Amino acid sequence: MSVTVRIPTPLRNLTDGAETVAGDGQTVAAVLSDICARHDGLKERLFDESGAIRRFVNIYLNSEDIRFENGPDTPVNDGDEVSIIPAIAGG
Amino acid sequence: MAEQNVYFKGLKCRECAKSFPADVLYVCDECFGPLEVDYDYDAIGKVLSRNTIESRQPNMWRYRELLPIAGSVTVGEHVGYTPLVKADRLAEALGVREVWVKNDTVNYPTLSFKDRVVSVALSRAREFGFTTVGCASTGNLANSVAANAASAGLKAYVLIPSDLEIGKVLGSFVFGATVVGINGTYDNVNRLVSEVAGQHGWAMVNVNMRPYYAEGSKTMGFEIAEQLGWQLPDAVVSPMAGGSLICKIDKAFKELVKLGLVEEKTSAIYGAQAKGCNPIIDMVKSESDWIKPVRTPDTIVKSLAIGDPADGIYAAATMRNTGGWGEDPTDEETVAGIRLLAETTGIFAETAGGVTVAATKRLVNSGKLDADSSVVLCITGNGLKTKEAIAGEFREISHIEPTLDEFNAYLDELKNQEEVALHVSHSTNSHATA
């Protein structure tokens, strides 16, 4: 599946300034792994040592928080948009 | 006055441990984790003793070496050191050996534990030179920011969900703060406030002041230990909204152990949320690794209605690592909890207190909390702010003429009603056990 991934401002230095990059995969996790393979330094920022998405990185699939879906295993479709959004402190 | 010693070295990421200066920072630029204050415990250990603490004024600043401000306390110097009340009748009702109530319903000046965090946040904000402050709040925090800002001559903007209890709205408005009601949930308000902090450069206490702000909650833990005669309780039950408080109580206990001020012991930390907004309890009960946010909280316990709690994963870890657990009582149980606390201790708690009492009851009944323990209930807010929650529980008061005859006739009438009620409850009980 070919999807668009939106990169947040603090990570754009790793995508040559690009706000979006193209990714490929069957699930959200696979898409993120795919873009990490093609942009040096991104993997360390998004994934922890165990390979899980960092706990304060929220991922949205077409404006829906994937925690409301099936987490990183949520399947994606062609043309979907995945957004990487740092968690918001507060409360 | 002599220059104050500074006992914190900077900030540190709670996730990846990257170090940062003690500046207006709150998110790690590496992994997006939250930042936490990094203390110099060796230096603190050299100056802080039980005697030193006991010689100081009865307020939360008696533990000032363990709080992250660099100079003098400029906001909230009278906050804290609320009573720790031994509650024998409540213990009996709950079926626990010993119950203590940490009574922050009478915290100064705005009758909730939030004065603790705000005192630190605003004192620190002034050190950074801020003159405008604010917050995202479910009510108590807004009240505290508004009042403490007023006393310090700071301008305050408090943003709240538009459907809060009238007591909580008035309790911000009266201090001259700009109160903005937002159409949406707390999580919507929070997101907006983080954008406001970025664009306007204000000190939003629970966003860009958060590493400093959150430390104020530790004082509840310090006080509990000191008031128990410098020992840690077997268990603590605390309400959870964002989840920060139970983490900081646990941290406070560990700091006291590290500094040799109390004997080493693991207090089991239990968390309480309302059934209608229970993301952290759900994470614990389902043994999940991540928080599933509650999109639309549905509970009378508005002060705890945070669907995407910032410290949720840490709160869950605190419960797991200390041998605690969590419970999420219904609104009906919460109202019963408010009444039970009031009728057995004389303490009128807000809905979050009702949740805490009701959760304790569940925990004891299920055996998750050992009945043979000494338990501290953290009662964090005052019932006069959430009167709506129990208004429906009571009949209108009776009106009589000012004569002794009428009063005695009224007493007879009451006695009859009680007998009827007793009879009904007896027959109900015999049905139940039949």
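The values are calculated or read from the model by the stated rules, or taken from the named source; none is laboratory data. From a predicted model like this one, the values you see are computed outputs, not experimental measurements. These area figures cover heavy atoms from the full protein model, side chains too; ligands, DNA and RNA do not enter into them. Shrake-Rupley method; radii C 1.70, N 1.55, O 1.52, S 1.80 Å.
Given springs between every Cα pair under 10 Å in a Gaussian network model of chain B, which of B:LEU404, B:LEU94, B:LEU259 has the largest fluctuation?
B:LEU404
Looking at chain B, send over the antiparallel percent of its DSSP beta bridges, to the nearest 5. Provide the component values of the computation, followed by the final result.
On the way: 14 of 42 bridges.
Restricted to chain B, the bridges split so that about 35 percent are antiparallel.
At a 1.4 Å probe radius, carbon and sulfur cover how many percent of the accessible area of segment B:299-434?
Reported share for carbon and sulfur atoms: 55 percent.
Could you check which residue among B:TYR63, B:TYR108, B:TYR410 shows the biggest mean-square fluctuation in a GNM of chain B with a 10 Å Cα cutoff?
In the Gaussian network model the winner is B:TYR410.
For chain B, taking Cα atoms only, what is the radius of gyration to one decimal and the Dmax to the nearest whole Å?
22.4, 78
In whole Hz and in residue order, list the ³J(HN,Hα) couplings for segment A:57-67 that follow from phi through the Karplus curve 6.51 cos²θ - 1.76 cosθ + 1.60, θ = phi - 60°; x for Gly and Pro.
10, 9, 10, 10, 10, 6, 6, 10, 4, 5, 5
Above 24 Å lies some portion of the pair distances; for segment B:275-392, what is it as a whole percent of all C-alpha pairs?
26 percent
In terms of modelled amide H atoms, which long-range or inter-chain residues lie less than 5 Å from the amide H of B:SER374?
Close amide H contacts, sequence-distant or interchain: B:ASP234, B:ALA235.
Taking H as built 1.01 Å from N, whose amide H comes closer than 5 Å to the amide H of B:ASP38, not counting residues under 5 places away?
Excluding prolines and chain starts, which carry no amide H, the hits are B:LYS9, B:GLY10, B:LEU11, B:LYS12.
Please compute P(r) over all alpha-carbon pairs of segment B:179-221, binned at 5 Å starting from zero, and give each bin as a whole-number percent.
Calculated over all Cα pairs of segment B:179-221, the distribution is 5, 20, 23, 23, 15, 10, 4, 0 percent.
Angle between the Cα long axis of helix B:312-321 and the longest principal axis of chain B, 0 to 90 degrees, nearest 10?
Tilt of helix B:312-321: around 80 degrees.
Can you flag which of A:LYS43/B:LYS254; B:LYS12/B:LYS218; B:LYS248/B:LYS368; B:LYS218/B:LYS302 are past 25 Å Cα-Cα?
Over 25 Å Cα-Cα: A:LYS43/B:LYS254.
Heavy-atom accessible area per residue, the protein assembly as shown, 1.4 Å probe: how many Å²?
Numbers: 22540 Å² over 525 residues.
Heavy-atom SASA per residue in the protein assembly as shown reads 43 Å².
Any idea what angle helix B:140-152 forms with the longest principal axis of chain B, computed on alpha-carbon atoms, 0 to 90 degrees, nearest 10?
Approximately 50 degrees, to the nearest ten.
Taking the 0 to 90 degree range and rounding to the nearest ten, how far is the long axis of helix B:218-227 tilted relative to the main principal axis of chain B, both from C-alpha atoms?
With both axes taken from Cα atoms, the answer is about 60 degrees.
Please report, largest first and rounded to whole Å, the three semi-axes of the ellipsoid equivalent to the protein assembly as shown, where each semi-axis is the square root of five times an eigenvalue of the C-alpha gyration tensor.
41, 29, 23
Can you run phi through the Karplus equation (6.51, -1.76, 1.60; θ = phi - 60°) for segment B:408-418 and list ³J(HN,Hα) in whole Hz, with x for Gly and Pro?
Each residue of segment B:408-418 in turn: 5, 4, 5, 4, 4, 4, 4, 4, 4, 4, 5 Hz.
Under the definition of Cα pairs under 8 Å and six or more residues apart, what whole-number percent is the relative contact order of segment A:2-86?
Reported relative contact order: 39 percent.
Return the long-range amide H neighbours of B:GLY326 (sequence gap of 5 or more, or a different chain), with a cut-off of under 5 Å between placed amide H atoms.
Under 5 Å from the amide H of B:GLY326 lie the amide H atoms of B:GLY271, each far enough along the sequence or on another chain.
Using alpha-carbon positions, what is the distance between the centroids of segment B:340-372 and segment B:33-72, in Å?
Their Cα centres are 31 Å away from one another.
Applying the Karplus parametrisation 6.51 cos²θ - 1.76 cosθ + 1.60 with θ = phi - 60° to the phi angles of segment B:374-388, what ³J(HN,Hα) value in whole Hz is obtained for each residue in order, glycine and proline being reported as x?
Result, rounded to whole Hz: 9, 10, 9, 9, 8, 9, 9, x, 8, x, 5, 8, 10, 4, 3.
With springs only between Cα atoms under 10 Å apart, run a GNM on chain B and tell me which of B:VAL301, B:VAL193, B:VAL85 wobbles the most.
Most flexible of the set in this elastic network: B:VAL85.
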